[in-house]
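Here's the structure we're looking at; comments come further down.
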Amino acid sequence: MKTVDSIHSNKTKFKTNSCLRVLFVSHAYVVGVNQGKLQAIAEIDGIEVGLLAPNNWKALEWNRRLELETPYSKIQIYSAPVLFAGRGGAHIYAPWRVWQVLDDFQPDIVQVEEEVFSMCAFELAIWTRITGKQLVVFGWENMDRNLPRFRRWVRQFVLNSASAIIAGNHEGADLLRHWGYTRAIAIMPQMGVDTNLFAPQLSQGDRQEFHIGFLGRFVAGKGIDILFTAVSQLRQRGFNCRVILCGSGTSEADLRQEAEKQQIADLVIWEKAVRHEAAPIAIAQFDVLVLPSRTTPTWKEQFGHVLIEAMAMGVPVIGSSSGEIPHAIGRSDLIFPEEDADRLAAILERLICDSNWRQEVKNYCLNRVQQHYSHERIAARSLQLWQTLREWEVGNRERSPIADN
């Protein structure tokens, strides 16, 4: 790893190297397990991957600083401090530090994985204009928020600068068009799944209880109370099931009261939040993972990454109709309308009673991850986008949208 203060220019090497050089910029890659996509890209012949990430990032909800992790040797990592560490939309690098990284790595494409209205995307848009590099921006935003005038101006500047934008969800792509973006849009999640880490586990045999799992934040938008209502119905019908909740959050006390109210408190196991590398152990306890999210005035589900982690392990998933969940899962018989506990209970009942269908769903989940969500698949789709941009640049042809497959 290079700190920007230790950079020494190596321009001769880069002038003779004809490979495609892509510099990623994102605070998300401070955490090492999130860099799996970058490593998968770096393992493709003819691609060099660089990463600029903060070395002073702060997780505000836990009030602790996160060290920049470097688990992969094929990624050229640059570290630098940011102003406003921990604030996704506001943090920025010192301009001369960005210039040092660009001068040292000499990228062909700069991919900034921050929202289009963020200050980080804004400063990299300026630098790519100055240096003539192609800019690709990734964002999750799927709600048309009432931004301050300056942020709307920043958003427009970034949109005008980007050769392509990757939307993390379909509603995000629609928003980009609504905001007037006319160039290439790809739809894919920011990260895939490490299918070595999230892999099918050995069967634990026939359990006496059917385990219904949730892994995530305990907040109102995640709809855990809807799951409680559905489980209460299952108990009334005589089904032997248990709920395993892995996580933490501001709604935990309210949820404990709701479990008492629904008379299922004895069926709920409360487990603490787990680190990402320990998530497979938690998910392996589940016979099904449920993501019962509800849309609020300020939030809707942007993807639901835990869904594809469970799917990669062959664990069936059920989700609400909030945001991107239906697209992530990809089949309607595993989706229930938001707030509809009756429909959720019906899907759970079918999974409990119909072992053949349950096995078919397991196979579907495994196949869907391999086809769409492995790190290698996301890497291949990213390369396809970059190659298209390079061809358009060379041929000076008009850009056209790139659809999700």
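Nothing in this text is a laboratory measurement; each read-out follows from the coordinates by a stated rule. All figures in this text were calculated on a predicted structure; none of them were measured in a lab. Backbone-built Cβ (ideal geometry, glycine too); neighbour counts: all protein chains shown.
Tell me whether the chain comes out rounded, prolate or oblate; compute the Cα gyration tensor, take square roots of the eigenvalues as a ≥ b ≥ c, and use a/c under 1.5 as the rounded threshold. Judged from the Cα gyration tensor, the chain comes out prolate (a/c at least 1.5, a/b above b/c). Among the GluC sites (Glu not before Pro) found in the range 185-262, those both in a DSSP coil and sparsely packed, with 14 or fewer other Cβ atoms within 10 Å of their Cβ, are 209.
Placing a label point 7 Å from the Cα of residue 256 along the Cα-to-Cβ direction, the residues of the range 273-309 with a backbone N closer than 18 Å are 273-274. The charge dipole of the range 210-372, taken about the Cα centre with unit charges on the Cβ atoms of Lys, Arg (+1) and Asp, Glu (-1), comes to about 200 debye, rounded to the nearest 20.
Taking each residue as 0.36 nm, the span from residue 131 to residue 363 lengthens on full extension beyond its C-alpha to C-alpha distance by 78.7 nm.
Pairs of Cα atoms under 8 Å, at least six residues apart: use those to get the relative contact order of the range 210-372, whole percent. Kindly include the intermediate steps, with their values, before the conclusion.
Details: 286 pairs, mean separation 39.1, N = 163.
Over the range 210-372, the number comes to 24 percent.
Quick one, could you list the DSSP H helices from the chain stretching 15 Å or more along their long axis (Cα atoms) with average Kyte-Doolittle hydropathy of -0.5 or above? Walk me through the intermediate numbers first.
Details: long enough: 95-105 (16 Å, -0.31); 119-131 (18 Å, 1.02); 149-161 (18 Å, -0.68); 224-236 (18 Å, 0.68); 341-353 (18 Å, 0.95); 355-368 (20 Å, -1.64); 375-395 (30 Å, -0.68).
What comes out of the filter, once short or polar helices are dropped, is 95-105, 119-131, 224-236, 341-353.
Peptide packing for 213-223, 324-334 was compared via the average number of neighbouring C-beta atoms within 10 Å per residue; ordered from the highest value, the list is 213-223, 324-334. The range 82-149 to the range 46-79: how many Å between their Cα centroids? Centre-to-centre distance over Cα atoms comes out at 15 Å.
Among the lysines of the chain, pairs that are 8 or more positions apart or on different chains and have alpha carbons within less than 23 Å of each other number 22.
Protection proxy ranking for 125-131, 370-376, 357-363, using the average of other Cβ atoms within 10 Å per residue and placing the highest first: 370-376, 125-131, 357-363.
Let me know the shape class of the range 210-372, please: from the alpha-carbon gyration tensor, a ≥ b ≥ c as square roots of the eigenvalues, rounded when a/c is under 1.5, otherwise prolate if a/b is greater than b/c, or oblate.
Details: a/c = 1.35, a/b = 1.16, b/c = 1.16.
Judged from the Cα gyration tensor, the range 210-372 comes out rounded (a/c under 1.5).
For residue 170 and residue 63 in the same chain, what is the full-extension length gain: residue separation times 0.36 nm, less their Cα-Cα distance, in nm? Walk me through the intermediate numbers first.
Numbers: separation 107, 0.36 × 107 = 38.52 nm, distance 3.27 nm.
Value of the extension gain: 35.2 nm.
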